[in-house]
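After the structure tokens below, expect a handful of questions from me.
Just so it is clear, none of the values below were taken in a lab; they were calculated from the coordinates. If you're wondering where the values come from, they're calculated on a predicted model, not measured in any experiment. All Cβ positions, glycine included, derive from the backbone under ideal geometry; neighbour counts span all protein chains shown.
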């Protein structure tokens, strides 16, 4: 069967032409992208000295202030990129620059925009650029209908650095549409040590899962001033178990010897295996040799995970705890395998420093 040659050649030519057009389009796009990138780099190089001049400017010397209002729009991006790296007066200078250029007022107006991406972008910008001036407006977006905007608002409040954001952030964890603990926790950590007094107050004033989060954060900060309140939560048998577990973990991170007694009580008296594990791990962190006997008793716990954590905690108590582990490891009871495993891990890994109280 003979196939007409002309249509085949025409089809081949058409395909070849399309390929050439596509290659030209790709090459043109690459060329334009390269030119834009080079232009952006050049403009950044030209504007960076202006930013440095603003930071070096001393209003007391009588010199005229560098013109920022008339500068190219790319100055905003440079300032926003630089802001997270600065603190104190330098950061305030650049925030004032953004205010003078209208960036902050435009962002405030966009907080009520119909499109969620504009609201999210606006609150993110304000968190970096506006400081504490628009805290209430940013906090209002914690109730936004869009979960992405709610998360953006939480992150922005953390970057704004005002301890007054602690209360609205904790409220945002409640309800069926509450923000994830991870998002709120990172925002609260971004507030830094300035938020500790408000967090300590919230430990007793908050409810439910908010208190669990607060206890975790106080432990991450190693806030010794919260020790007594955390010990009270741990002792309270009527308190929610997640809160008591978080309190036990926080006490281990803080490491006060006064916490040994409530941690031992939680280990020996609680029927909740997860609380027992948290208490045993905390006792290992605290490093008080007084915990040796209760931890040895924990090696006989019905839950194998509790036995394993107790063995690890004994290994962290220094010479006294290791001697007790060796005695148990030489036996034949249910605790012997976990004691041997803890000793093997101790020998295989880098040696843990002995707590000061164990020497």
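Which order, highest average first, do 17-27, 254-264 follow once you tally other Cβ atoms within 10 Å for each residue and take the mean per peptide? All intermediate terms of the calculation are to be shown ahead of the outcome.
Working: 17-27: 10.0, 254-264: 19.5.
Listed from highest to lowest mean packing, they are 254-264, 17-27.
Report relative contact order for region 281-320 in percent, whole number only (criteria: Cα-Cα under 8 Å, sequence separation at least 6). Show your work: numbers first, answer last.
On the way: 40 pairs, mean separation 21.4, N = 40.
With pairs under 8 Å counted, the relative contact order is 54 percent.
Between region 278-312 and region 21-38, what's the alpha-carbon centroid distance in Å?
65
Taking the Cα centre of each part, how many Å lie between region 109-143 and region 148-227?
So the separation of the two Cα centres works out to 19 Å.
Give me 307, 200, 35 sorted ascending by neighbouring Cβ count inside 10 Å, so fewest comes first.
Working: 307 24, 200 17, 35 10.
Result, fewest neighbours first: 35, 200, 307.
Rounded to the nearest 0.05, what FRET efficiency do residue 11 and residue 31 give with R0 = 41 Å and r taken as the Cβ-Cβ distance? Could you check? Let's see the in-between values first.
On the way: r = 30 Å, r/R0 = 0.74.
So the FRET efficiency works out to roughly 0.85.
Okay, moving on. Would you work out the Kirkwood radius for region 74-161? I mean one over the mean of 1/r across all pairs of different Cα atoms, in Å. Don't jump to the answer; show the numbers that get you there.
Numbers: mean 1/r = 0.0785 Å⁻¹.
Kirkwood hydrodynamic radius for region 74-161: 12.7 Å.
Now for a different question. How would you rank 100-108, 239-247, highest first, on the average number of other Cβ atoms within 10 Å across their residues? Please report the intermediate quantities before stating the final value.
Details: 100-108: 16.9, 239-247: 22.0.
Those peptides, ordered most packed to least, come out 239-247, 100-108.
If you don't mind, there's one more thing I want to ask. Which FRET efficiency value, to the nearest 0.05, do you get for residue 89 and residue 305 by plugging their Cβ-Cβ distance into 1/(1 + (r/R0)^6) with R0 = 45 Å? Walk me through the numbers before you get to the answer.
Working: r = 52 Å, r/R0 = 1.16.
It comes out at approximately 0.30.
As an exercise, use a Förster radius of 56 Å and the Cβ-Cβ distance of residue 336 and residue 186 to find the FRET efficiency, rounded to the nearest 0.05. All intermediate terms of the calculation are to be shown ahead of the outcome.
Values: r = 43 Å, r/R0 = 0.76.
Result of the calculation: an efficiency of 0.85.
Using 0.36 nm times the number of residues separating residue 253 and residue 240, minus their current alpha carbon distance, what extension gain do you get?
Working: separation 13, 0.36 × 13 = 4.68 nm, distance 2.04 nm.
Extra length available between residue 253 and residue 240 comes to 2.6 nm.
Just grab the label-to-label distance for residue 293 and residue 164, each label 7 Å out from Cα along the Cβ direction, in nm (one decimal).
Result for the modelled spin labels: 5.4 nm.
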